[in-house]
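The values are calculated or read from the model by the stated rules, or taken from the named source; none is laboratory data. As the structure is a prediction and not an experimental result, all values here were calculated from the model. No Cβ is skipped: glycine too gets one built from the backbone with ideal geometry, and neighbour counts run over all protein chains shown.
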Amino acid sequence: MSSMKHCLYWQGEFMLTLQFIPFTEIESLSSDERIEKLLSIVRENKIALVEGTLHKEESAALIKKTMENINQEFRGIEFAVIYPEQNDDAMFKRLRLKLINVLLGNRRGLTIIGPASVVKEIKQDPHKIDLYTTSHEQKSRKVLKQKHNSSSKR
Amino acid sequence: MLQIIKRFVHKIFRDIFRTRKVLKVGFYGPPNGGKTTLANRICKDWLGEEMGSVSNVAHETREITIKENVSIRSQGKELIFNFVDTPGIATKIDYEDFLKHGFTVRDAKERAKEATKGVIDSITWLDTMDVVLVVLDATINPYSQVNITIIGNLQAREIPVLIVANKIDLKRADVNKIKAAFPQYDVVGISAKHGNNVDEFYEALFVLAG
């Protein structure tokens, strides 16, 4: 298996799995297959770190496919695509990067996709990304409290 | 430079071959940005009636709503529009979020189901728009993947875009942050709810449609 798995422990009890997907693992796949592969990883409650960027149309297709898959267990995704060439204003640089993309595919940049049940929010800034996670315990406590409040109102 | 030439050629061809006189304008953006409030503002200004219901609860609009043949005059010109209000685009929908607003579990699940369908419809309808108003809440960080995806897809389809920075009546609103996030697009700051800066919005809409 060419992808690497990394595990982090948070407060000693909440495990977060980051699965790295190298570009070589998805470059030969069609857009549909690529999206299906990424969503299957996310549905296993893992955060996918993908080498390279999705096409703009693929990002929209990813949202559509996510919506089709939403149910009581899978509540959706949080994702961020980092396009490194955005900061390069020089025309020659941009042309060079476009040529690299044509020759090698969209392997520059990074795509992060996580399940909404684990990743609460990804805050993007031109220079950094903040990823906020949700503890399952916290979430279930919150929901129970809400249910309790709504039933006591009645 | 290439982009400017490409846009110019596209505009020339569009103007030469455009036979329709009515422009289809889509309202796009994340939930609770104020798309329906803006659509209502326009329809009230020019038709005397509202387009849809608004609410603080996200995903109030879960179906595509169309208002046809809305005639708008600005600076001595008149244009006719078909306005298409779309459900907010989101990457996650959790039925438990609706429980906070007093929904029963059954209603919350139903609303979540309708909301997911609404997002799919919004994306599917993107191709059919002549121009799009991307309505963003000016109090919220604009660097979200939903915003980037919407605007990126419009750019890929060469659909003209006007970014509407809504809710400028609120203290935390920061129109400049939206301008900085999407420097290649025109951004107009308004309050659709209170009508602030609406004249400038109509002028920008005419420039976009023209």
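Quick notes on this one:
- Taken together, A:39, A:62 contain a single residue that is more than 9 Å from chain B (Cβ to nearest Cβ), at pLDDT 95 or above and closer than 21 Å to residue A:131 by Cα, which is A:39.
- Of the residues screened, residue A:141 is one that is farther than 30 Å from residue B:183 by Cα and at pLDDT below 80.
- Within the range B:124-146, residues that are under 19 Å from residue B:186 (Cα atoms) and in contact (Cβ under 8 Å) with a residue 12 or more places away in the chain sit with their Cβ atoms under 7 Å from residues that are charged (D, E, K, R) and in a loop (DSSP other than H, G, I, E, B), at 6+ positions apart or across chains, in these pairs: B:137/B:167; B:138/B:167; B:138/B:174; B:139/B:167; B:139/B:172; B:143/A:125.
- Residue within the range B:119-133 that is closer than 16 Å to residue B:57 by Cα, modelled with pLDDT of 95 or more, buried (at least 17 other Cβ atoms within 10 Å of the Cβ) and over 13 Å from the mean Cα position of the chain (by Cα) present: yes
- Residue A:67 falls short on exactly one of the conditions (1) modelled with pLDDT of 95 or more; (2) farther than 30 Å from residue B:157 by Cα, and that condition is (2).
- Criterion: of a type in the set (A, V, I, L, M), within 14 Å of the chain's Cα centre (by Cα) and within 14 Å of another protein chain (Cβ to nearest Cβ) - qualifying residue of B:140, B:150: B:150
- Every pair of residues 6+ apart whose Cβ atoms lie under 9 Å, when the first sits in the range B:58-84 and is under 30 Å from residue B:99 (Cβ atoms) and in a strand (DSSP E or B) while the second is at pLDDT 90 or above and of a type in the set (Gly, Ala, Ser): B:65/B:39
- Any chance residue B:115 is hydrophobic (A, V, I, L, M, F, W, C) and either crowded, with 16+ Cβ neighbours inside 10 Å or touching a helix residue (DSSP H, G or I) at 6+ places or on another chain (Cβ under 8 Å) (or both): yes
- Of all residues making up the range A:22-41, the number that are charged (D, E, K, R), surrounded by 13 or more Cβ atoms within 10 Å (Cβ to Cβ) and touching a residue at least 24 places away in the same chain (Cβ under 8 Å): 3
- The selection criterion, being under 21 Å from residue B:182 (Cβ atoms), modelled with pLDDT under 90, at the interface with another protein chain (Cβ under 9 Å from one of its Cβ atoms) and out of contact with any Ser or Thr (no Cβ under 7 Å at 6 or more places or on another chain), does not hold for residue A:82.
- Looking only at residues in the range B:162-175 that are closer than 15 Å to residue B:141 by Cβ and in a loop (DSSP other than H, G, I, E, B), the one that is nearest to the chain's Cα centre (by Cα) is B:167.
- The condition (being closer than 18 Å to residue A:57 by Cα, in a helix (DSSP H, G or I) and modelled with pLDDT of 95 or more) is satisfied by just one residue among B:178, B:151: B:151.
- Residues in the range B:92-104 that are part of a helix (DSSP H, G or I) and more than 8 Å from chain A (Cβ to nearest Cβ): B:97, B:98.
- The set of residues from the range B:181-196 being assigned to a loop (DSSP other than H, G, I, E, B) and surrounded by fewer than 18 Cβ atoms within 10 Å (Cβ to Cβ) comprises B:183, B:184, B:185, B:193, B:194, B:195.
- The set of residues in the range A:27-61 that are of a type in the set (A, V, I, L, M) and in contact with a strand residue (DSSP E or B) (Cβ under 7 Å, 6 or more places away or on another chain) comprises A:38, A:41, A:42, A:47, A:48, A:49, A:50, A:54.
- Test result for residue B:127, more than 8 Å from chain A (Cβ to nearest Cβ), within 22 Å of residue A:119 (Cα to Cα) and not hydroxyl-bearing (Ser, Thr, Tyr): no
- Screening residue B:161 on (1) in contact with a helix residue (DSSP H, G or I) (Cβ under 9 Å, 6 or more places away or on another chain); (2) surrounded by fewer than 19 Cβ atoms within 10 Å (Cβ to Cβ); (3) within 14 Å of chain A (Cβ to nearest Cβ) shows it passes everything except condition (2).
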